[in-house]
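Read through the structure below, which is laid out as structure tokens, and then see the notes.
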Amino acid sequence: MTMSKKTTQLTFDPDALRQKYRLERDKRLRPDANAQYQSVEGDFSHFVDDPYIDSPKPRTGLRDTVDVAIIGGGFGGLITGARLKEAGFNDIRIIEKGGDFGGTWYWNRYPGAACDTESYIYLPLCDELGFVPKEKYAHAPEILAHSRNIAQHYDLYRNACLQTQVTHMAWEDDNKLWRITTDRGDAMGARFVIMSNGPLNRPKLPGIVGIERYKGHTFHTSRWDYDYTGGNAEGNLARLKDKRVGIIGTGATAVQCIPHLGAAAKALYVFQRTPSSIDVRANRPTDPDWAKALTPGWQKTRMENFNALTSGRVVEEDLVMDGWTEIIRNLISMANYRGKNIDPSEIPKLMELADFQKMEQIRARVDELVEDPETAEALKPYYRQFCKRPCFHDSYLQTFNRPNVFLVDTQGQGVSAMTETGVIARGQTFDLDCVIFATGFEVGTSYTRRAGYDLVGRNGIRLSEKWADGIRSLYGLHSQGFPNVFFMSTAQGGFTTNFPHAMDESAQHIAYVLDRCKTEGIQTIEPSQSAEDAWVDEIIRLSRISESFQAECTPGYYNNEGKPNPRSVQNSSYGKGPIPFFSRLEAWRKAGKMEGLERTY
Ligand code: NDP
């Protein structure tokens, strides 16, 4: 878009920003893309040891059979377990590699960890448990405690296998069940299996030359070492007071823990490759009068209101009113500014203008809060807001005003090497007592790799082989050749900004299908070839719309580190958005024909 008469009234130059974004992206593009990372295995496998619980005591391997096995005890597994219990299924077993329920919130206990989506809509099943979180954005310990409460409320501890990692799953056609083997010697049977492994469950390390040579202390943020740092999830990391600490990465995790590291360490070096966008957080305690006045159904209404707004729908009231919904308010005000109602063909251009405007605010906030102009400039993100996960924090940027905190801006290049004593970046060596990896989780690698096991379906077909060139499913939930398996995932399914919302929609759908199986004596369900093919075609057709947006983005896990993955179009979520997707599932249930699912009795 060139500067038209109307756009001259803008306080920024869209052409200049577009050019700047492109330059910043190009600095970061690298040929090895997603292959740049060091996977956490072999000599690096200690990075994923569980620091929160003793090693499991030996137990006898299980050989029994359950109606439903749910793999993963995070939010997805908990919500599905809850919805199945509500539907009258009692023979359920949750298998979880951690020592307790909670998933992401079991593993991520770093200081400052908290949800970024409003807790009243993010914490699942609040209405059902009669629970209202203490703050607008709940901290990790409260979320972990709530996860345990859900498990207790729905009696999910009974029969659960914790500290148990699935190693293999195979379909036994004669017995019409899945045989699940684990690292605890189990070979249990399950008539139905729900795969709820979580999208970001496998930590990754940067593939830095010499990473294995470093002799100081190291850990990944998802396995925080409080023995070394002292303190707890609230901070107070007293044992760092005489330590020179380095942290690699400045994503959503780093943004939350850096203020605590800065407050405690003798010196903190923050190695930045790309700055995050940091918007206002404005956390606050829950108003007890508001909580008392909530009536049954309040959480669903609030979740749907947020989902409508973040899906671009115009609704009368914004119940959540936060940084996520603001982008939409911004869009509407931009449309008003142009003095006309939104014509659908104008929307992409208006979205871009609204995005520029939002990011200008984000950059201005850096100038307001960071005293040193050079540091402030380095902390400004130059890309479209949804190229990376937007962050919200009220003390991250100010941390760089501390005399003991140093931003090492690598100009998009990252840390170049590690030595026995520290880190080399920008041609300079930094000697460090401890290096913390805030380098995120595997995304874009194969589904079965991230799950940690393969599935062998009907006639010996492996899921890793079937999905080698892209996922093939019906509604993201079922895949032909893998009878009675349900996948909880956003791939080829519904994606919501508030993740647990989509999980609950899937969980309720699964409960419906299983209820039909029970009442009608259905032994197996599996999508027909034609239904699966049609769904995959539809996903691909609709997904192409966002291809150019992704290609222009700065590299990150949203766009396979800047190198379009031939599978990413096919593996994307439903392109019309979550509301049409949920309506589609609802219409399917209402029709009552189990269309597209082949059944045996
Ligand atoms: P991310 O993948 O978002 O961030 C990884 C960071 O490591 C990036 O800053 C990346 O830089 C950097 N990095 C990788 N390699 C190198 C290198 N060689 N040198 C220097 N830096 C490097 O991981 P996070 O754990 O921060 O977040 C993952 C996701 O988890 C989030 O996107 C969000 O979905 C979720 N999350 C949610 C939270 C919440 O709800 N409150 C809190 C935390 C996480 P670059 O950007 O250049 O790639």
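We did not get these values from a lab; they are worked out from the coordinates using the rules stated. Just so it is clear, the model here is predicted, and its values are computed rather than measured. Positions of Cβ are generated from backbone atoms using ideal geometry, with glycine treated the same way; all protein chains shown enter the neighbour counts.
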Q: Specify the inter-centroid distance of the stretch 234-251 and the stretch 423-483, based on alpha-carbon positions, in whole Å.
A: 29 Å
Q | Other-chain or far-sequence residues with amide H under 5 Å of H168's (modelled H) | A | T181
(Q) As an exercise, use a Förster radius of 22 Å and the Cβ-Cβ distance of D287 and S311 to find the FRET efficiency, rounded to the nearest 0.05. (A) 0.20
Q) If you place +1 on the Cβ of every Lys and Arg and -1 on the Cβ of every Asp and Glu, how big does the dipole about the Cα centre of the chain come out, in debye to the nearest 20? A) 500 debye
Q.
Placing +1 on the Cβ of each Lys and Arg and -1 on the Cβ of each Asp and Glu in the chain, which of C126, G556, W178 has its Cα farthest towards the positive end of the resulting dipole?
A. G556
Q: Just need the relative contact order of the stretch 114-160 here, percent rounded to a whole number, with Cα pairs under 8 Å and 6+ apart.
A: 39 percent
Q) If you rank I180, I70 by fewest surrounding Cβ atoms within 10 Å, what's the result? A) I180, I70
Q | Percent of alpha-carbon pairs separated by more than 37 Å within the chain | A | 35 percent
Q: Return the calculated 222 nm mean residue ellipticity for the chain, to the nearest 500 deg cm²/dmol, obtained by summing -39500 (n - 2.57) across DSSP H runs with n ≥ 4 and dividing by the residue count.
A: -10000 deg cm²/dmol
Q | Taking the stretch 466-601 and dividing mean pair separation by its residue count, relative contact order in percent (alpha carbons under 8 Å, at least six apart) | A | 34 percent
Q) Taking the alpha-carbon centroid of each part, what is the distance from the stretch 522-576 to the stretch 38-102 in angstrom? A) 28 Å
Q. Once you list every other residue whose beta carbon is under 13 Å from the beta carbon of G76, what net charge do they have if Lys and Arg are +1 and Asp and Glu are -1?
A. -2
**Q.** Whole-Hz couplings from phi, Karplus 6.51/-1.76/1.60, listed for the stretch 278-289; x for Gly and Pro
**A.** 10, 9, 5, 9, 6, 6, 7, x, 5, 6, x, 5
Q: Take the Cβ-Cβ distance between T445 and T410 as r, set R0 to 25 Å, and report the resulting FRET efficiency rounded to the nearest 0.05.
A: 0.55
Q) What is the dipole size for the stretch 422-467, taken about its Cα centre, with +1 at each Lys and Arg Cβ and -1 at each Asp and Glu Cβ, in debye to the nearest 20? A) 380 debye
Q) If we count other beta carbons within 10 Å of each Cβ, what is the order of S506, S333, fewest first? A) S333, S506
Q | Straight-distance crosslink candidates among aspartates and glutamates, where the alpha carbon sits under 15 Å from K349 and sequence neighbours closer than 8 are dropped | A | D13, D15, E552
Q. Normalised by the number of residues in the chain, what is the relative contact order in percent for Cα pairs under 8 Å and 6+ residues apart?
A. 19 percent
Q) With each label point set 7 Å from Cα along the Cα-Cβ vector, what nm distance links Q523 and I332? A) 5.5 nm
(Q) Between D174 and S45, what is the label-point separation in nm under the 7 Å Cα-to-beta-carbon projection? (A) 3.3 nm
Q) With labels modelled as points extended 7 Å from the Cα through the Cβ direction, what inter-label distance (nm, one decimal) is found for S55 paired with W298? A) 4.8 nm
